[in-house]
Structure formats: C-alpha cells, structure tokens
Amino acid sequence: MTTARRPGALALLGALTLALSSCSLLPAGDGPELADDDVITIGNSAAGMFGYFGHGSTTVAADTISQRYELPNGAEIYETTDELDPEARDLIEVRAGKYVAWEGKLSEKRRAPCTDIAATSVSISGSITHDSDVQDCADDTPLHTLKQSVRDAEPELFGQLAHPIDDWTIEIRPWTEEGPAGGGPDESAPIERYELSAAQHEIGMGITAQNAPADWGADLAPEEGNGAPLGWDNTGLVLTDLNAFLLNQKTLGCGDQTGEIRMTKHGKPAQTWTYRLCPGQHSEALAQTLRGL
C-alpha cells in the first residue's frame, strides 16, 4: 500500500489543484516521485529448503547507506553506515518509484512466482509510506533493478563480511623475530587452523580445528558431516568478532605482535586477508573466541 502525503501548501490551492497534483505523483506511469530524504529499506532473509539462517537489510537515507544482519536467535553480527554517493541516491529514488508502481499492479501469483526462496521486503517512509514483499525471481523486473542499484551503492567492504551461509578458514601462526626479514610468522611451526562451514538445518555453522588448544571443543556437539555444530549462540560470537576484525582493518597493526592470523572466505573468487596478531586488538579477540570454543 502506498500513501501520498501532500505538502500543506497544496491544500490551499483548492480541489482543482489537488486533482492535478495527484496526477503529477505518477508521471508517465513511472510511479511516485520520492523526496530526497525518504528512507528506503531493502530486506532479505537467508532462507530456503535447508532452513532459516537470518535476515539482512540495507537502508538508504538522504546521504548514508547502512547494512545490518541478524541471526535467527536475534544476535546482530554487524551494523555499518557509510556515506552515500548523491548520484547513486538519485538513481535509487527513481527505481524505487518505478518499483512502487509495478508492485501495485502485481497479482498474488506474480508476487510469489518461484519456490524455495524468501521474498524481498521493500519499505519506504517519508513523503510516501510503502511496505511490500515480492520474490526476486527474474532479471528484468523493477524489483531486481532496484536491488541492483542498491548493491552498486554499497561499499566494497560490505561484500567481504561474514555470514552464516559462508565457508571460512582461519589460520594462526606464532611470531618469530628470527629470519632474514627480521621477524615474521614461524613457517616451521604447526598451523593452528579453524574451518567454518556454512550453516545447515538451522543448527548454526559447523567447525573443525587442527592444532587447537588441548581442551578445544569439549563443550561442542559431536562432529557431523560439516564439522561440530556451533549452534546460533557460538555462531554469533565467531561471526561478530570476524566482522569486527574486517570492519576495522585500517586500525590494525602493532609492534608487539604474538603471531599472524590469516582468513580466507571461500567462494568464486576466494578472498584472503593476512594481518599480525596484536594484543588488545580485534585480531586477538577473534583468536581468543575461536580458541575458547
């Protein structure tokens, strides 16, 4: 449902002007013209035939773009806000208006034309109020185009963040001051390795470990095909620290490092980050969380 809120000045112009202005809200059938401070939120759930794994949303305000993700247990694993390019904002406004006009004409069958995927929610507040849920099943719809413009406006780092449907490898090496480079990771030492596998069947992510502390995993459930199930509480702890590390990359660095931490996000293409393990920083917090499972 869409409700247009007309400026108070228009109410003074009489019935004829009101009628004309109501037409101007839908120019050429392209939908309502949004104000430059309207708030547009796109929401997507990670859900399918194997369960429900959380909900992510992107909110476009006048000059900022924000992202957040919440696990099924309510744990928030990240929330970020960045500046929004004005041209990107203008394009999103136009495409949001076209989406509103298109969505209002959809039948129930066209609103949910495919199986085993969650609907996309679109909310707009400000000069208009709009709330709808439609499945994004085709590449040539105003919904798909709107989502693409929002993705294009997101900072590059957003695509690097960790979610429960990802596979990750985290490796830790001790530090040595010896060697031709004057110090670095001890390549001769056994690698402490943690493998995180994508969540399945709503039991959180799976994990396996090599060369972990002696009592590691004592409180975890027995391993299954994709490792020991972490449950959503432990999944939240790991992903929150992993994302805090990624979001604070620019602040990393120290002179009293105790090791090196290397993180790989698997996929096409895979991405790898390597940093020093620094006391009191996010790198150490992530290592302590993994070692404490």
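The values are calculated or read from the model by the stated rules, or taken from the named source; none is laboratory data. These figures come from a predicted structure and were not determined experimentally. Backbone-built Cβ (ideal geometry, glycine too); neighbour counts: all protein chains shown. Accessible surface areas use protein heavy atoms only, side chains included; no ligands, DNA or RNA. Shrake-Rupley method; radii C 1.70, N 1.55, O 1.52, S 1.80 Å.
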Only one of (1) out of contact with any helix residue (DSSP H, G or I) (no Cβ under 9 Å at 6 or more places or on another chain); (2) surrounded by 12 or more Cβ atoms within 10 Å (Cβ to Cβ) fails for GLN249. Which number is that? (1)
Could you list all residues from the range 98-129 that are in contact (Cβ under 8 Å) with a residue 40 or more places away in the chain, outside any loop (DSSP other than H, G, I, E, B) and out of contact with any Asp or Glu (no Cβ under 9 Å at 6 or more places or on another chain)? TYR99, VAL100, TRP102, GLU103, THR129
Taking the residues in the range 215-237 that are within 14 Å of ALA198 (Cα to Cα) and in contact with a Ser or Thr (Cβ under 6 Å, 6 or more places away or on another chain) as candidates, determine which candidate is modelled with the highest pLDDT. GLY227
Contacts under 8 angstrom Cβ, first residue in the range 268-284 being open to solvent by 70 Å² or more (accessible area, probe 1.4 Å), partner at pLDDT 90 or above and basic (Lys, Arg), 6 or more apart: THR272/ARG262; THR272/LYS265
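Going by the structure shown, is ASP215 within 25 Å of GLY280 (Cβ to Cβ), in a loop (DSSP other than H, G, I, E, B) and open to solvent by 70 Å² or more (accessible area, probe 1.4 Å)? Give the derivation first.
On the way: within 25 Å of GLY280 (Cβ to Cβ): yes; in a loop (DSSP other than H, G, I, E, B): yes; open to solvent by 70 Å² or more (accessible area, probe 1.4 Å): yes.
Yes.
Can you name the residue in the range 120-138 that is of a type in the set (A, V, I, L, M, F, W, C) and open to solvent by less than 40 Å² (accessible area, probe 1.4 Å) and is also nearest to the chain's Cα centre (by Cα) among such residues? Please lay out each step first, then the result.
Initial filter on the range 120-138 (of a type in the set (A, V, I, L, M, F, W, C)): 122, 124, 128, 134, 137-138.
Then keep just the ones that are open to solvent by less than 40 Å² (accessible area, probe 1.4 Å); that gives 122, 124, 128, 134, 138.
Working: VAL122: 16, ILE124: 19, ILE128: 26, VAL134: 19, ALA138: 21 Å.
Result: VAL122.
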If a residue must be touching a strand residue (DSSP E or B) at 6+ places or on another chain (Cβ under 6 Å) and either over 25 Å from PRO86 (Cα atoms) or modelled with pLDDT under 95 (or both), how many such residues does the range 135-153 contain? 1
Of all residues in the range 130-189, which are assigned to a loop (DSSP other than H, G, I, E, B), touching a residue at least 40 places away in the same chain (Cβ under 8 Å) and among the small types (Gly, Ala, Ser)? ALA162
Residues PRO222, PRO229: which one is without any contact (Cβ under 8 Å) to a residue 12 or more places away in the chain and either touching a Lys or Arg at 6+ places or on another chain (Cβ under 9 Å) or of a type outside the set (Ser, Thr, Tyr) (or both)? PRO222
Within the range 59-72, is even one residue among the acidic types (Asp, Glu), surrounded by 15 or more Cβ atoms within 10 Å (Cβ to Cβ) and not in a helix (DSSP H, G or I)? yes
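Please verify whether the range 195-210 includes one or more residues that are modelled with pLDDT of 90 or more, touching a Lys or Arg at 6+ places or on another chain (Cβ under 9 Å), open to solvent by 60 Å² or more (accessible area, probe 1.4 Å) and not in a helix (DSSP H, G or I).
If we filter the range 195-210 for residues that are modelled with pLDDT of 90 or more, which is where we start, we get 195-199, 204-210.
Then keep just the ones that are touching a Lys or Arg at 6+ places or on another chain (Cβ under 9 Å); that gives 208-210.
Going one step further and asking which of them are open to solvent by 60 Å² or more (accessible area, probe 1.4 Å), we end up with 210.
Next, only the ones that are not in a helix (DSSP H, G or I) stay: 210.
Yes, there is a match, as at least one residue in the range 195-210 is modelled with pLDDT of 90 or more, touching a Lys or Arg at 6+ places or on another chain (Cβ under 9 Å), open to solvent by 60 Å² or more (accessible area, probe 1.4 Å) and not in a helix (DSSP H, G or I).
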Taking first residues from the range 30-51 that are closer than 19 Å to HIS130 by Cβ and buried (at least 17 other Cβ atoms within 10 Å of the Cβ) and second residues anywhere that are at pLDDT below 85 and not charged (D, E, K, R), the pairs with Cβ under 7 Å that are 6 or more apart or on different chains are PRO32/THR2; PRO32/ALA4; PRO32/LEU25; PRO32/LEU26
So GLY255 clears everything in (1) free of Cβ contacts under 8 Å to residues at least 60 places away in the same chain; (2) in a helix (DSSP H, G or I) except one condition, right? Which one? (2)
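Among the residues of the range 73-85, write down those that are among the polar types (S, T, N, Q), in contact with a helix residue (DSSP H, G or I) (Cβ under 9 Å, 6 or more places away or on another chain) and either within 18 Å of LEU161 (Cα to Cα) or crowded, with 17+ Cβ neighbours inside 10 Å (or both).
Going residue by residue through the range 73-85, those that are among the polar types (S, T, N, Q) are 73, 80-81.
After this cut, where a residue has to be in contact with a helix residue (DSSP H, G or I) (Cβ under 9 Å, 6 or more places away or on another chain) as well, the list is 73, 80.
Hit for the range 73-85 is THR80, nothing else.
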